[in-house]
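Beneath this line is the structure, given in structure tokens, with notes to follow.
The values are calculated or read from the model by the stated rules, or taken from the named source; none is laboratory data. Everything numeric here is computed off the predicted structure, so don't read it as measured data. Cβ placement follows ideal geometry from the backbone for every residue including glycine, while neighbour counts extend to all protein chains displayed.
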Amino acid sequence: AAFFAIGAYTVGMLSSGQLYGSPLHHEIHLPFWLLLFVGMFAAAGFGALLGAPTLRLRGDYLAIVTLGFGEIVPRVFRYLGPGSVLGNWTGGVNGIAGIDPPSLPFGISGPWENGAAFGFLPRFDFIDPLAFYVLMVILVIICVIAANNLYRSRLGRAWMAVREDEVAAAATGVNTVAIKLLAFAIGASFSGFAGTYYGAKLSLVSSENFAFVVSVTVLIMVVLGGMGNIPGVILGALGIYYVLFNLLTNLPDLATNAANSIGLGFLNTSKGDWIGLHDEVQRLNFLVFGLILVLVMLLRPQGLLPSRVREQELAKGTSEEAVFDLREES
């Protein structure tokens, strides 16, 4: 969540009155469409800074460093608030409020500019949530096109080569150091891009929005959907969103209705240490979430919609384990 937070705080500081209380003593209100790129480049810069000292790390060690960085960044933003020796840049624990909403880009004007209808949108002043959803879909399409083009480009092929065999890639003339730094920077830029939109949508940015659980949730979306496959990751994100904000939210009511329908309505009444079925299920929401994830990973370890390469790797690993087991038995 580190680069996500960097993008969000970028739009917060450069599109609100926050910096008036900083040592600059001057408000900055840049357009949202410009801030999308500013947030991208800010996150990419920090991605390169993180990537430079961690080039030798791989696998679990690199994941630990990345998650650690995700914990450090929100705390730094929390520190740079009132009372900090460096000045109040980020609002501290209160965060940054009053972020300017997006407006129509490139000087577009018309009857919809101040909130009138625009196409099928009843309002297009980014107060109506539907306008934000339309904007989100547009930005997601842009990101998917960019990611697909990167995957098919020379840089994308170099990334695949380094991933498969770094020594062989270096032997063929691939600058592995530059390639890995670009992977850090470009990957971070996508997070910064998303964080910029997130901050503008909420109109409030706080370090509490970027807790450790955010990093874990995003990781789960990628693994569950299918690593290496963009449609799979989108499917994983939609699935996790549905489970967290629909299924688990309605699960206590569903359990209560089910108990009533099968004659177990007495479970809905609290008695002694039993707090009632509704509250008990609500308390165990994340246990249910964990069980769902475990079941999915047991049944579909490759993810819901994996890439062909990833699926072949897992199939090859499974067949090699089976051969090894047969040799041990014989």
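Name the single residue that is surrounded by the most Cβ atoms within 10 Å (Cβ to Cβ) among those in the stretch 20-31 being touching a residue at least 60 places away in the same chain (Cβ under 8 Å) and under 27 Å from the mean Cα position of the chain (by Cα).
Going through the stretch 20-31, the residues touching a residue at least 60 places away in the same chain (Cβ under 8 Å) turn out to be 21-23, 29, 31.
From the residues that got through so far, the ones that are under 27 Å from the mean Cα position of the chain (by Cα) too are 29, 31.
Details: His29: 12, Pro31: 15.
Once the filter is applied, the top-ranked residue is Pro31.
Any residue in the stretch 41-51 that is touching a strand residue (DSSP E or B) at 6+ places or on another chain (Cβ under 9 Å) and not hydroxyl-bearing (Ser, Thr, Tyr)?
Just the residues of the stretch 41-51 that are touching a strand residue (DSSP E or B) at 6+ places or on another chain (Cβ under 9 Å), to begin with: none.
No: the stretch 41-51 contains no residue that is touching a strand residue (DSSP E or B) at 6+ places or on another chain (Cβ under 9 Å) and not hydroxyl-bearing (Ser, Thr, Tyr).
For (1) of a type in the set (S, T, N, Q); (2) at pLDDT below 90; (3) loosely packed, with under 15 Cβ neighbours inside 10 Å, each residue gets a yes or a no:
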| site | (1), (2), (3) |
| --- | --- |
| Ala8 | no, no, no |
| Leu14 | no, no, no |
| Gln18 | yes, no, no |
| Leu36 | no, no, no |
| Gly68 | no, yes, yes |
| Val73 | no, no, no |
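Of Val93, Val76, Val65, which residue is over 30 Å from Phe32 (Cβ atoms) and of a type outside the set (Gly, Ala, Ser)?
Details: Val93 fails: over 30 Å from Phe32 (Cβ atoms); Val76 fails: over 30 Å from Phe32 (Cβ atoms).
Just a single option satisfies the conditions, and that option is Val65.
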Suppose we keep only residues that are under 24 Å from the mean Cα position of the chain (by Cα) and among the hydroxyl-bearing types (Ser, Thr, Tyr) within the stretch 61-102. Which one would you say is farthest from Asn209 (Cα to Cα)?
Tyr61
Scanning the stretch 150-201 for residues that are among the polar types (S, T, N, Q) and either in contact (Cβ under 8 Å) with a residue 40 or more places away in the chain or assigned to a helix (DSSP H, G or I) (or both) gives Thr176, Ser189, Ser191, Thr196
Determine the pairs where a residue that is surrounded by fewer than 16 Cβ atoms within 10 Å (Cβ to Cβ), located within the stretch 280-297, has a partner that is at pLDDT 80 or above and not in a helix (DSSP H, G or I) with Cβ atoms under 9 Å apart, the partner being 6 or more residues away or on another chain.
Met297/Gly303
